[in-house]
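Below is one structure, written out as C-alpha coordinates, with a few remarks after it.
The values are calculated or read from the model by the stated rules, or taken from the named source; none is laboratory data. Since the structure is predicted, the reported quantities are computational estimates derived from the model, not experimental observations. FYI the Cβ positions are ideal-geometry reconstructions off the backbone, even for glycines, and counts take in every protein chain you see.
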Amino acid sequence: MKSNDWKDRLNVVYSTNPDYIYETTKEEEVTTLPPQQQKLRVSTDRHHRGGKTVTLIKGFIGTEDDLKELGKYLKGKCGVGGSVKEEEIIIQGDFKTKIVELLKAEGYTQTKPVG
(Lines give C-alpha, C1' and ligand atoms only; values in the text may rest on other atoms or scores of the structure.)
Protein backbone atom coordinates (compact mmCIF):
# COMPACT_ATOMS: atom_id res chain seq x y z
CA MET A 1 0.00 0.00 0.00
CA LYS A 2 1.01 3.56 -0.51
CA SER A 3 2.07 5.64 2.44
CA ASN A 4 -0.14 8.39 0.97
CA ASP A 5 -3.43 6.61 1.51
CA TRP A 6 -6.46 8.78 0.63
CA LYS A 7 -8.17 8.07 3.97
CA ASP A 8 -5.31 9.80 5.76
CA ARG A 9 -5.83 12.89 3.59
CA LEU A 10 -9.50 13.55 4.27
CA ASN A 11 -10.25 17.24 4.78
CA VAL A 12 -6.81 18.19 3.39
CA VAL A 13 -6.28 20.47 0.40
CA TYR A 14 -4.87 18.67 -2.65
CA SER A 15 -1.19 19.10 -3.47
CA THR A 16 0.29 18.80 -6.97
CA ASN A 17 3.71 17.93 -5.60
CA PRO A 18 4.08 14.11 -5.99
CA ASP A 19 6.63 13.96 -3.15
CA TYR A 20 4.45 15.83 -0.67
CA ILE A 21 3.72 13.83 2.48
CA TYR A 22 0.44 14.63 4.20
CA GLU A 23 0.85 15.14 7.90
CA THR A 24 -1.77 13.53 10.05
CA THR A 25 -2.23 14.05 13.74
CA LYS A 26 -2.69 10.90 15.73
CA GLU A 27 -4.36 10.98 19.11
CA GLU A 28 -2.05 10.03 21.92
CA GLU A 29 -2.93 6.76 23.56
CA VAL A 30 -4.09 7.37 27.10
CA THR A 31 -2.65 4.96 29.61
CA THR A 32 -4.88 3.70 32.34
CA LEU A 33 -3.93 4.85 35.82
CA PRO A 34 -3.72 2.20 38.55
CA PRO A 35 -6.89 1.87 40.67
CA GLN A 36 -5.23 3.58 43.67
CA GLN A 37 -4.70 6.78 41.63
CA GLN A 38 -8.17 6.94 40.07
CA LYS A 39 -10.41 9.65 41.53
CA LEU A 40 -13.87 8.32 40.75
CA ARG A 41 -17.05 10.18 41.70
CA VAL A 42 -20.31 8.28 42.11
CA SER A 43 -23.65 10.12 41.95
CA THR A 44 -27.30 9.52 41.11
CA ASP A 45 -29.25 11.38 38.45
CA ARG A 46 -32.86 11.60 37.22
CA HIS A 47 -32.69 14.50 34.80
CA HIS A 48 -33.78 13.78 31.20
CA ARG A 49 -34.22 10.08 31.93
CA GLY A 50 -37.98 9.78 32.04
CA GLY A 51 -38.08 9.86 35.85
CA LYS A 52 -35.83 6.82 36.14
CA THR A 53 -32.89 6.98 38.54
CA VAL A 54 -29.42 6.07 37.28
CA THR A 55 -26.05 5.91 39.02
CA LEU A 56 -23.21 7.77 37.29
CA ILE A 57 -19.51 7.00 37.73
CA LYS A 58 -17.24 9.80 36.47
CA GLY A 59 -13.54 10.63 36.58
CA PHE A 60 -12.02 7.47 35.10
CA ILE A 61 -8.67 8.14 33.40
CA GLY A 62 -7.65 5.48 30.93
CA THR A 63 -8.48 3.64 27.75
CA GLU A 64 -12.00 3.15 26.47
CA ASP A 65 -11.62 -0.63 26.74
CA ASP A 66 -10.68 -0.46 30.43
CA LEU A 67 -13.65 1.83 31.09
CA LYS A 68 -16.00 -0.61 29.34
CA GLU A 69 -14.52 -3.50 31.31
CA LEU A 70 -15.12 -1.66 34.60
CA GLY A 71 -18.68 -0.84 33.49
CA LYS A 72 -19.33 -4.48 32.64
CA TYR A 73 -18.00 -5.56 36.04
CA LEU A 74 -20.24 -3.08 37.92
CA LYS A 75 -23.34 -3.96 35.88
CA GLY A 76 -22.76 -7.65 36.56
CA LYS A 77 -22.27 -7.17 40.31
CA CYS A 78 -25.42 -5.01 40.56
CA GLY A 79 -27.45 -7.31 38.30
CA VAL A 80 -28.76 -4.45 36.16
CA GLY A 81 -28.19 -2.86 32.77
CA GLY A 82 -26.33 0.26 31.86
CA SER A 83 -23.89 1.73 29.39
CA VAL A 84 -20.59 3.53 28.97
CA LYS A 85 -20.93 6.89 27.23
CA GLU A 86 -18.82 10.04 27.04
CA GLU A 87 -16.23 8.86 29.57
CA GLU A 88 -18.78 7.95 32.24
CA ILE A 89 -20.43 4.72 33.35
CA ILE A 90 -24.23 4.74 33.62
CA ILE A 91 -25.83 2.05 35.83
CA GLN A 92 -29.61 1.70 35.86
CA GLY A 93 -31.04 2.20 39.35
CA ASP A 94 -29.88 3.74 42.62
CA PHE A 95 -26.77 1.75 43.57
CA LYS A 96 -24.55 4.55 44.86
CA THR A 97 -23.47 2.96 48.15
CA LYS A 98 -23.09 -0.53 46.68
CA ILE A 99 -20.95 0.75 43.79
CA VAL A 100 -18.71 2.76 46.14
CA GLU A 101 -18.17 -0.38 48.24
CA LEU A 102 -17.46 -2.50 45.14
CA LEU A 103 -14.96 0.02 43.78
CA LYS A 104 -13.14 0.31 47.09
CA ALA A 105 -12.95 -3.49 47.28
CA GLU A 106 -11.37 -3.50 43.80
CA GLY A 107 -8.68 -1.05 44.92
CA TYR A 108 -10.22 2.28 43.86
CA THR A 109 -9.45 3.85 47.24
CA GLN A 110 -10.11 7.48 46.21
CA THR A 111 -13.75 6.80 45.24
CA LYS A 112 -16.28 9.22 46.76
CA PRO A 113 -20.05 9.48 46.65
CA VAL A 114 -21.26 12.89 45.43
CA GLY A 115 -24.57 14.52 46.27
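State the number of residues belonging to the range 80-115 that are under 17 Å from the mean Cα position of the chain (by Cα) and part of a loop (DSSP other than H, G, I, E, B).
Number of matching residues: 5.
In the range 100-115, what count of residues is obtained for those that are free of Cβ contacts under 8 Å to residues at least 60 places away in the same chain and either closer than 19 Å to residue 32 by Cβ or in contact with a Phe, Trp or Tyr (Cβ under 6 Å, 6 or more places away or on another chain) (or both)?
The total comes to 3.
Quick one: how many residues across the range 73-112 are on the phi > 0 side of the Ramachandran plot and surrounded by fewer than 16 Cβ atoms within 10 Å (Cβ to Cβ)?
4
Which ones in the range 65-96 are among the charged types (D, E, K, R), within 25 Å of residue 29 (Cα to Cα) and touching a residue at least 12 places away in the same chain (Cβ under 8 Å)?
If the condition is that a residue be among the charged types (D, E, K, R), within 25 Å of residue 29 (Cα to Cα) and touching a residue at least 12 places away in the same chain (Cβ under 8 Å), then 66, 68, 87, 88 are the ones that fit.
For the range 6-29, does any single residue satisfy the condition of being assigned to a loop (DSSP other than H, G, I, E, B), at pLDDT 85 or above and farther than 22 Å from residue 94 by Cβ?
For the range 6-29, residues assigned to a loop (DSSP other than H, G, I, E, B), at pLDDT 85 or above and farther than 22 Å from residue 94 by Cβ: absent.
Can you name the residue in the range 54-101 that is in contact with a strand residue (DSSP E or B) (Cβ under 8 Å, 6 or more places away or on another chain) and of a type in the set (Phe, Trp, Tyr) and, of all such residues, is farthest from residue 114 (Cα to Cα)?
So the residue we want is 60.
Report the residue count in the range 30-69 for those that are at pLDDT 90 or above, of a type in the set (Lys, Arg) and over 20 Å from residue 111 (Cβ atoms).
Of the residues in the range 30-69, 2 are at pLDDT 90 or above, of a type in the set (Lys, Arg) and over 20 Å from residue 111 (Cβ atoms).
In a helix (DSSP H, G or I), at pLDDT 95 or above and in contact with a helix residue (DSSP H, G or I) (Cβ under 9 Å, 6 or more places away or on another chain): which single residue out of 72, 77 fits that description?
The match here is 77.
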